[in-house]
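A.B. asks: Have a look at the structure that comes next, please.
The values are calculated or read from the model by the stated rules, or taken from the named source; none is laboratory data. Only a predicted model underlies this, so the values are computations on that prediction, with no experimental measurement involved. Cβ sites come from the backbone with ideal geometry, for glycine too, and all protein chains shown count toward neighbours.
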Amino acid sequence: MVGFGQSAAYSLAQHGVRQFALVDTNEAGLQETIQKLASQYNVTDVLSVSTECSTEDAVEAAVQQAASRFGRIDFAINNAGFGGPMGGSPDTAPAAFEAHLKDHVTLLWLWHRAELRQMLRQEPRDGRYGRGSIVHVCSVYAFAASPPGIAAGAYVAGRHAILGLTRSEGVLFAPQQIRINALCPGYIASPTIDSSEQIKAFIGNLVRERVPAGRLGQPEEVADAVAFLAGPMSSYMFGQSLVLDGYVVSNPDINKSMKY
């Protein structure tokens, strides 16, 4: 577990969460997260599941394992979605397009469905918690096209799909006191960007052209927004999207080519 998921765990711990179920394919990252939760936040009640969880049965089993361990699930953070085939539709193989949507839309929907099923079985908590809260970590590209010259149709289509799911089911399950919202980050510092001088230069140019603050967002800033959406501070938000992009999408002067 690295990146947004890891940072979100630390932020939630800082805000008082003391029980975690962490699911990731990165065993080393999971162990690093568990160790830091214990050493810096005194959180030791952690269920760690290192698995692909890429099938319906595996996802349902992981969610029920967490519910059995802790008695209920109050917050669920679904953090997935990156990459995809690069190229316009004429040059993209159907199998590559379908594989991306399967991994980054259908799989997220399976987690979303399993979490909803569990939350519907739970009684509402006192105060502003309700039955539970689901946060989908999405992208600013749920609102916009990719930058000119960048062919990322599969990724952008997938992000739009997640936002549509959030809005539709956020309304549908509001009467049951289950909140479903999406966080839509813009350009955020990550190991992927740091892995290549070419990528760093490319993203640096985008930031200079599009972000008034002139810098990348930090994972900790995303994590704090996740904690806000997950917890009772956002208890009147249902089916909403929180954009965290340094004013990229909202800026009419620098993003005429980006927005519809």
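A.B. asks: SER68 versus (1) within 28 Å of GLN218 (Cα to Cα); (2) exposed (fewer than 14 other Cβ atoms within 10 Å of the Cβ): which is the lone unmet condition?
C.D. replies: Tallying (1) within 28 Å of GLN218 (Cα to Cα); (2) exposed (fewer than 14 other Cβ atoms within 10 Å of the Cβ), SER68 fails exactly one: (1).
A.B. asks: Follow-up. Being among the charged types (D, E, K, R) and farther than 20 Å from VAL63 by Cα narrows it down to one of ARG179, ARG159, ARG125, ARG113, so name that one.
C.D. replies: ARG159
A.B. asks: Go through segment 228-260 and report how many residues are surrounded by fewer than 17 Cβ atoms within 10 Å (Cβ to Cβ), of a type in the set (S, T, N, Q) and modelled with pLDDT of 80 or more.
C.D. replies: 2
A.B. asks: Taking the options VAL23, VAL46, VAL17, name whichever one is within 21 Å of the chain's Cα centre (by Cα), among the aliphatic types (A, V, I, L, M) and at pLDDT below 95. Outline the logic, then answer.
C.D. replies: Working: VAL46 fails: at pLDDT below 95; VAL17 fails: at pLDDT below 95.
So the residue among VAL23, VAL46, VAL17 that is within 21 Å of the chain's Cα centre (by Cα), among the aliphatic types (A, V, I, L, M) and at pLDDT below 95 is VAL23.
A.B. asks: To continue, here is another question. Identify, by number, the condition in (1) at negative phi; (2) surrounded by fewer than 16 Cβ atoms within 10 Å (Cβ to Cβ) that ILE73 doesn't meet.
C.D. replies: (2)
A.B. asks: Another question, if that's okay. Filter segment 134-149 down to residues that are assigned to a loop (DSSP other than H, G, I, E, B) and in contact with a helix residue (DSSP H, G or I) (Cβ under 9 Å, 6 or more places away or on another chain) and give me whichever is farthest from PRO232 (Cα to Cα).
C.D. replies: Let us first name the residues in segment 134-149 that are assigned to a loop (DSSP other than H, G, I, E, B), namely 138-139, 143-149.
Then keep just the ones that are in contact with a helix residue (DSSP H, G or I) (Cβ under 9 Å, 6 or more places away or on another chain); that gives 138-139, 143-147.
Values: CYS138: 20, SER139: 23, PHE143: 26, ALA144: 29, ALA145: 33, SER146: 33, PRO147: 35 Å.
Taking the candidates together, the pick is PRO147.
A.B. asks: Let me ask something else about it. Any residue in segment 202-223 that's farther than 19 Å from GLY3 by Cβ: show its pairings with residues that are exposed (fewer than 15 other Cβ atoms within 10 Å of the Cβ) and of a type in the set (S, T, N, Q) at Cβ separation under 8 Å, as long as the two are six or more apart or on different chains.
C.D. replies: Filtered contacts from segment 202-223: no entries.
A.B. asks: At pLDDT below 95, crowded, with 21+ Cβ neighbours inside 10 Å and either more than 23 Å from PHE228 (Cβ to Cβ) or in contact with a Ser or Thr (Cβ under 6 Å, 6 or more places away or on another chain) (or both): does that describe ALA154? Can you show your working first?
C.D. replies: Working: at pLDDT below 95: yes; crowded, with 21+ Cβ neighbours inside 10 Å: yes; either more than 23 Å from PHE228 (Cβ to Cβ) or in contact with a Ser or Thr (Cβ under 6 Å, 6 or more places away or on another chain) (or both): yes.
Answer is yes for this residue.
A.B. asks: If a residue has to be crowded, with 17+ Cβ neighbours inside 10 Å and farther than 21 Å from GLU220 by Cβ to count, how many in segment 20-48 make the cut?
C.D. replies: 2
A.B. asks: Among the residues of segment 26-43 satisfying the criterion of being touching a strand residue (DSSP E or B) at 6+ places or on another chain (Cβ under 7 Å) and of a type outside the set (Asp, Glu), which is modelled with the lowest pLDDT? Step through it out loud before you land on a result.
C.D. replies: The first filter runs over segment 26-43 and keeps only residues touching a strand residue (DSSP E or B) at 6+ places or on another chain (Cβ under 7 Å), leaving 27, 30, 33-34, 37, 43.
With the extra rule that they be of a type outside the set (Asp, Glu), the set shrinks to 30, 33-34, 37, 43.
Working: LEU30: 92, THR33: 95, ILE34: 96, LEU37: 96, VAL43: 95.
Selected residue: LEU30.
A.B. asks: Something else about it: Given the criteria in a helix (DSSP H, G or I), under 19 Å from the mean Cα position of the chain (by Cα), over 27 Å from THR33 (Cα atoms) and β-branched (Val, Ile, Thr), does VAL156 qualify?
C.D. replies: Values: in a helix (DSSP H, G or I): yes; under 19 Å from the mean Cα position of the chain (by Cα): yes; over 27 Å from THR33 (Cα atoms): yes; β-branched (Val, Ile, Thr): yes.
The answer is yes for VAL156.
A.B. asks: While we're on this one: With segment 179-252 as the region, which helices (runs of 4 or more DSSP H) entirely inside it contain at least 1 residues that are more than 16 Å from VAL137 (Cβ to Cβ)? Step through it out loud before you land on a result.
C.D. replies: Working: elements: 191-194, 197-210, 219-230.
The qualifying helices (runs of 4 or more DSSP H) are 191-194, 197-210.
A.B. asks: What pairs can you find where one residue is in segment 174-198 and closer than 24 Å to GLY83 by Cα, the other is among the charged types (D, E, K, R) and part of a helix (DSSP H, G or I), and their Cβ atoms are less than 6 Å apart, with a gap of 6+ or different chains?
C.D. replies: Cβ pairs passing all conditions: ILE193/LYS200.
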